[in-house]
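Colleague: Right, I'll just put the structure down here and ask away after.
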Amino acid sequence: MKKRMMIVGVVVAAAGNLAWADGFRNPPEGMQAIGKVGGKIVFIDDASAITHNPANLTELTDNELIASFTLGYGKREFEPALGGKAESKDPWAVLPNFFAAWRLNEDTLVAGVSLTTPYGRSTTFPKDSILRYSVPYFTELVAVNLNPTLAYKVNDRVSVAAGLNVLYADLDLRQIYPWSLATGIPGAPDGETRFSADGAGLGYNAAVTWNITDRQRAALTYRSSNKVDLEGDLKVSGVPTAPGLPAPLSMVTARSDFETSIEFPAVVAAGYGIQLTDKLRVEVNVEWVRHSVFEELELDAGNNTFLLPASTIPADWDDNWTYGIGADYALNDAWTLRAGFIYLETPVPGKTMLPSISEEDQSVISIGAGYVSGAHRWDFAYAYGLFNGRTVNNNANPAFNGDYDFEAHLLGVSYGLSF
């Protein structure tokens, strides 16, 4: 039915990505990680290690607090094969992250906790774009993770860590709805559907760091998948009040309960690092991300469910890999310089891709710097996405076939206090 096809992109678009071709995941948390973007597991040596490799917390000599802010710019353009053009707007987003670590004893045990934004971002199209009836004009998925962690130094060579992940997610989707087409009433003004839902899920993570020699180190980390059940409501505006509307249109209500769930992926990461000189460290990382847990999305909007394209929407995402290298150079006692490169495979197949979740295999280059003065430290980073554009010709919806292009930048700063 026409009215159902109008909102085929409603909830799958919750994965809308800003500047990071990696499905649900945001760019890495903390400026050390962004500054050497492809090498953030082995030689991560501040409290942000809670997120990337908590086993490294045992290397901290002091208690530490860090506040980190990443400013992301992401823009996408879509030129359908059927003609026309759509460009996203409001491209800026801020990702805050906070870390704390403190020693429970002098030699072996360290506790940490982080409050981060590991998943989400938003995508906005103009209300009058050519996509207004097929995907949400506003898509926002905000996910906040609380990660308490314990790290233990087994001996001079091996450290281990484990923690819990309490993940809260909030979903907000808004889409124009063409009542004139749905009802056949000429001139009926467009309305709007707005989905709002939130929920929480529980996962865990673990890590081990092995100092192979005094200058070589290996690390392995695991972060479990985390399923979040979302509950909220669907609000529908502009519902025609003309008498005699046929069922089920006559049963539409201005509000109904809305439920769905999203399973965020498990991640396995490994790294090897070597201290080439007293000042220069280099590491290589590889990650496997189990995005295939996102096979489909089940939807329940109560008595308004019939407005949705179906009660189940296929996604069929693929598992993906990332490969990277990063380095830091101690310029002097105060300044450290960083650089990195990472290649990210996209998990989103062309057959289920929507303009709101469009992405391609992507490379990212980054630079960064850190400054330490007594108990204070500042870290800065900039990353730039390298894109070739993506052409899709096998989408289940022919309207989403065409050429996709992207632009992305990340700029961030963090402040740390040792005590």
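What follows is calculated from the coordinates using simple rules that are stated; it is not laboratory data. Quantities reported herein were computed from a predicted structural model and do not represent experimental measurements. So basically every Cβ, Gly included, is an ideal-geometry build from the backbone, and we count neighbours across all protein chains shown.
Colleague: Which residues' amide hydrogens lie under 5 Å from the amide hydrogen of residue 361, considering only partners 5 or more residues apart or on another chain, with H built in the peptide plane?
Modeller: 346
Colleague: In a GNM of the chain with a 10 Å cut-off on Cα contacts, which of 36, 127, 279 has the highest mean-square fluctuation?
Modeller: Answer for the Gaussian network model of the chain: 279.
Colleague: Using helices alone, I'd like the mean residue ellipticity at 222 nm for the chain: each DSSP H run of four-plus residues gives -39500 (n - 2.57), total over residue count, nearest 500. Each step should come with its number before you reach the end.
Modeller: Numbers: 4 runs with 18 residues, N = 419.
Helix contribution divided over all residues of the chain: -500 deg cm²/dmol.
Colleague: Just the C-alpha atoms of region 365-419: what Rg/Rh do they give, with Rh taken as the Kirkwood radius?
Modeller: Reported Rg/Rh (Cα atoms, Kirkwood Rh): 1.36.
Colleague: Also: Which of 200, 161, 254 moves the most in a Gaussian network model of the chain with Cα springs under 10 Å?
Modeller: Of 200, 161, 254, the most mobile in the Gaussian network model is 254.
Colleague: Which entry in [x] 27, 51, 20, 3, 0; [y] 17, 27, 17, 13, 15, 9, 3, 0; [z] 28, 61, 11, 0 matches P(r) over Cα pairs in 20 Å bins from 0, in percent derived from the coordinates of this structure?
Modeller: [x]
Colleague: Quickly work out the residue 361-to-residue 87 label distance, labels modelled 7 Å from Cα along the C-beta direction, and quote it in nm with one decimal.
Modeller: Distance between the two pseudo-spin positions: 2.9 nm.
Colleague: A follow-up question, please. Using every Cα-Cα pair within region 181-309, state what percent have a distance larger than 26 Å. Intermediate results must be reported in sequence, preceding the final value.
Modeller: Values: 4365 of 8256 pairs.
Beyond 26 Å sits 53 percent of the P(r) for region 181-309.
Colleague: Sticking with this one: ³J(HN,Hα) across region 175-180 via Karplus (A = 6.51, B = -1.76, C = 1.60, θ = phi - 60°), whole Hz, x for Gly/Pro?
Modeller: Karplus values, whole Hz, x for Gly and Pro: 9, 6, 10, x, 5, 5.
Colleague: In region 377-406, whose amide N lies under 14 Å from the spot 7 Å out along Cα-to-Cβ of residue 333? List them in ranges.
Modeller: none
Colleague: Also, quick follow-up: Sketch the reach of a paramagnetic label on residue 417 as a point 7 Å from Cα along Cα-to-Cβ, and name the residues of region 49-77 whose backbone nitrogen lies under 14 Å away.
Modeller: Backbone N within reach: 63-68.
Colleague: While we're looking at this one, here's another question. Once you've got the Cα coordinates, tell me which of 127/235; 75/227; 40/279; 89/235; 153/227 are over 26 Å apart.
Modeller: Numbers: 127/235 17 Å; 75/227 29 Å; 40/279 17 Å; 89/235 24 Å; 153/227 31 Å.
Too far apart for the 26 Å limit: 75/227; 153/227.
Colleague: Please compute, for the alpha-carbon atoms of region 100-235, the extent along each of the three principal axes and give them in descending order in Å.
Modeller: Principal-axis extents of the Cα atoms in region 100-235, largest first: 77, 29, 21 Å.
Colleague: For a Förster distance of 25 Å, can you work out the FRET efficiency between the beta-carbons of residue 231 and residue 204, rounded to the nearest 0.05? Working shown, then result.
Modeller: Numbers: r = 24 Å, r/R0 = 0.94.
That gives a FRET efficiency of 0.60.
Colleague: Ordered by residue, what ³J(HN,Hα) values in Hz, to whole numbers, does region 404-417 give under the Karplus form 6.51 cos²θ - 1.76 cosθ + 1.60, where θ = phi - 60° and Gly and Pro are x?
Modeller: Ordered by residue, 3J(HN,Hα) equals 10, 9, 9, 9, 8, 9, 10, 9, x, 9, 9, 10, x, 10 Hz.
Colleague: Still on this model: I want to verify a result. In a Gaussian network model of the chain, Cα cutoff 10 Å, which of these has the top mean-square fluctuation: 113, 42, 94?
Modeller: The residue with the greatest mean-square fluctuation here is 94.
Colleague: If you take the charge dipole of region 115-203 about its Cα centre, with +1 on Lys and Arg Cβ and -1 on Asp and Glu Cβ, which of 131, 199, 181 is farthest toward its positive end?
Modeller: My answer, from the dipole projection, is 199.
Colleague: Treat the count of other C-beta atoms within 10 Å as a stand-in for reagent exposure and order 337, 410 from fewest to most. Walk me through the numbers on the way to the answer.
Modeller: Values: 337 17, 410 25.
In increasing order of surrounding Cβ atoms, one gets 337, 410.
Colleague: Need the C-alpha centroid separation for region 264-330 versus region 172-191, integer Å.
Modeller: Centre-to-centre (Cα) distance: 36 Å.
Colleague: Using the Karplus curve 6.51 cos²θ - 1.76 cosθ + 1.60 with θ = phi - 60°, work out ³J(HN,Hα) for each residue of region 330-346 in order, rounded to whole Hz, and write x for Gly and Pro.
Modeller: Using θ = phi - 60°, the values come out as 7, 5, 7, 5, 9, 10, 10, 9, 9, 7, x, 9, 9, 10, 10, 7, 7 Hz.
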